[in-house]
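Let me begin by presenting the structure, written as structure tokens, before commenting on it.
The values are calculated or read from the model by the stated rules, or taken from the named source; none is laboratory data. Computed from a predicted model, the values in this text were never measured in an experiment. Using ideal geometry, Cβ is built from the backbone for each residue, glycine included, and neighbour counts are taken over all protein chains shown. Calculation scope for accessible area: heavy atoms of the full protein, side chains included, ligands and nucleic acids excluded. Shrake-Rupley method; radii C 1.70, N 1.55, O 1.52, S 1.80 Å.
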Amino acid sequence: MRILIVGNGGREHALLWKLRRDAPAATFFATRPNGGMADACTALDIAPTDVVALAGWAAARRIDLAVIGPEGPLAAGMADRMRQSGVPVFGPSAAAARIESSKAYAKDLMAAADVPTAAYEVHTDPEAAAAYIEACGAPVVVKASGLAAGKGAVVCETVPEAVRTARSMLAGAFGNAGSKVVVEECMEGEELSVFCLAHGEEFVPLLSSQDHKRIGEGDTGPNTGGMGAYAPVGFVTDALIDEVGERIVAPVLRAMAESGSPFSGLLYAGLMITADGPRVVEFNCRFGDPETQAVLPLLDSSLLEPMMAIAEGGGLGAQPPVFRDGAAVTTVLAAEGYPGAYPKGAPISIPAMDADVEVFHAGTRLDGDELVTSGGRVLAVTATDRDFRHARRRSREAAEAITFAGRRFRRDIGWREAERRE
Ligand code: AMP
Ligand code: GLY
């Protein structure tokens, strides 16, 4: 079996790690693999966004399964092109990927399907945006509609800050992604990430997890792609997951299918659990990063089997996903300056880890024999343990033991869960 992984971040390393366990005899290929993936796969020097070249290569090499990790290639039509070339692919069409690549599309879809989410308006004109911001009052959230690597949403504490943010987005601070802004009500509650394997109107949720979006401890400072995660989340009951399925995931999948853009792949519901129940913050059309690095180490059943079934159009596979008891805590190690500008090329030292600690690489590369930094989020270290507190401590200790110049990480990953358990 020949499996292609498109993408080279921490999420893709975790996908490779899990799929290798599911199919030890398979041959793996990855686009420009990072320093941690390199040993486990054959490197392909084609950019993950080069849709035409990659689909052509996959068809010629008779790839049995292409797994597309990041949103960029999906939004650019990579899955469509692979399907047209006869390559079984796990990932939605460009039309379905709009659920992430256009927040304006996602909000309109939710409104039409009566899915609970923040009240909003979409604007292209700064004066009209300012008028709606003033009508909402603060706090209020201003978002670039297009893809912005998890950094395009700003929770504004004052009206002038929100007006400034909308103006700067519309003036091009996020390039074309900000040519439309979504202004929305600020929701209060705890956030939750629910991943669903989905095909058409069928779906099955995976273990819930919680991300830590802010750069600073205590959830302070600017938003990032995600500084850490843990799974499962203590307050999540079967009843809550059923409610999310019935009120949120099912109506959205139905609306997409009915509008001629059915979803196939991994639908990520980013939720706020408010006093009025779960409401949608955002949808993503792919696995979350770093939540995947926390969720997959707890998945005992095969991921390959449902992925293959979905890629071949045969539903969700024979077996529902089975997760082991216990907890996983993932700490992201980032470069100094992230989420702003950061240096690259710092040598990294990773000591030997225990068997239940996995070091997933993100922004790393091999420079000869030496492992060096090459991105903002450099590594994600996951500890699994029967006990959440042990997993949390061991994830932090493992992060501490890894060194590179300018390394920074949050020592409080899982703080809400820790407080709940006190
Ligand atoms: P997004 O890019 O839409 O995922 O937003 C990034 C982060 O901004 C979310 O994970 C939340 O922490 C925060 N956020 C976005 N929208 C809202 C909202 N309507 N109310 C409160 N927080 C929000
Ligand atoms: N962890 C947030 C995301 O993947 O978008």
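General remarks:
- Out of P339, P297, sole residue that is surrounded by 16 or more Cβ atoms within 10 Å (Cβ to Cβ) and over 26 Å from G152 (Cα atoms): P297
- Where helices (runs of 4 or more DSSP H) fall wholly inside segment 73-151, the ranges with 1 or more residues that are touching a strand residue (DSSP E or B) at 6+ places or on another chain (Cβ under 9 Å) and either open to solvent by 30 Å² or more (accessible area, probe 1.4 Å) or at pLDDT below 90 (or both) are 78-84, 103-113, 126-136.
- Condition met for G375 (under 20 Å from the mean Cα position of the chain (by Cα) and surrounded by 14 or more Cβ atoms within 10 Å (Cβ to Cβ)): yes
- Taking the conditions (1) of a type outside the set (F, W, Y); (2) without any contact (Cβ under 8 Å) to a residue 24 or more places away in the chain; (3) within 16 Å of ligand 2 (Cβ to nearest atom) in turn, T237 satisfies each one other than (3).
- Selection count, segment 158-167, where residues are open to solvent by 10 Å² or more (accessible area, probe 1.4 Å) and within 26 Å of the chain's Cα centre (by Cα): 1
- Within segment 1-45, the residues that satisfy the criterion of being open to solvent by less than 30 Å² (accessible area, probe 1.4 Å) and assigned to a helix (DSSP H, G or I) are G10, R11, E12, H13, A14, L15, L16, K18, L19, A40.
- Yes/no for P70 being within 16 Å of ligand 1 (Cβ to nearest atom) and closer than 23 Å to L16 by Cα: yes
- Leading residue by the ranking (least open to solvent (accessible area, probe 1.4 Å)) among those in segment 200-252 that are among the acidic types (D, E) and within 27 Å of F263 (Cα to Cα): D211
- Considering residues of segment 152-167 that are in a loop (DSSP other than H, G, I, E, B) and either among the basic types (K, R) or out of contact with any helix residue (DSSP H, G or I) (no Cβ under 9 Å at 6 or more places or on another chain) (or both) only, the residue farthest from V252 (Cα to Cα): T158
- Among the candidates F360, F409, F388, the residue that is closer than 26 Å to G189 by Cα, aromatic (F, W, Y) and within 19 Å of the chain's Cα centre (by Cα) is uniquely F409.
- Selection from segment 207-228 of residues that are under 26 Å from P321 (Cα atoms) and more than 14 Å from ligand 2 (Cβ to nearest atom): L207
- Every residue from segment 175-199 that is in contact (Cβ under 8 Å) with a residue 60 or more places away in the chain, over 30 Å from E305 (Cα atoms) and either of a type outside the set (A, V, I, L, M, F, W, C) or open to solvent by 10 Å² or more (accessible area, probe 1.4 Å) (or both): K180, E184, E185, C186, M187, E188, G189, E190
- Of the residues in segment 347-354, at least one is away from ligand 1 (no atom under 16 Å from the Cβ) and either without any contact (Cβ under 8 Å) to a residue 40 or more places away in the chain or under 29 Å from P262 (Cβ atoms) (or both).
- For V332, the criteria (1) open to solvent by less than 30 Å² (accessible area, probe 1.4 Å); (2) at positive phi hold in every case but one, which is (2).
- Listing of strands (runs of 3 or more DSSP E) fully contained in segment 317-386 that carry 3 or more residues being within 26 Å of P205 (Cα to Cα): 327-334, 357-361, 377-385
- Restricting the first member to segment 5-29 and to residues that are under 18 Å from L299 (Cβ atoms), and the second to residues that are surrounded by 19 or more Cβ atoms within 10 Å (Cβ to Cβ) and of a type in the set (D, E), the beta-carbon pairs closer than 7 Å and six or more apart or on different chains are I5/E12; G10/D289; R11/D289; W17/E358.
- Of the residues making up segment 49-66, at least one is outside any loop (DSSP other than H, G, I, E, B), under 19 Å from L197 (Cα atoms) and in contact (Cβ under 8 Å) with a residue 12 or more places away in the chain.
- Only a single criterion out of (1) at pLDDT 95 or above; (2) within 23 Å of A40 (Cβ to Cβ); (3) open to solvent by 80 Å² or more (accessible area, probe 1.4 Å) is not satisfied by R408, namely (2).
- Scan segment 253-291 for residues that are open to solvent by 10 Å² or more (accessible area, probe 1.4 Å), within 16 Å of ligand 2 (Cβ to nearest atom) and assigned to a helix (DSSP H, G or I) and the total you get is 0.
- Across segment 199-216, a minimum of one residue is classified as at pLDDT 95 or above, within 24 Å of A112 (Cα to Cα) and among the small types (G, A, S).
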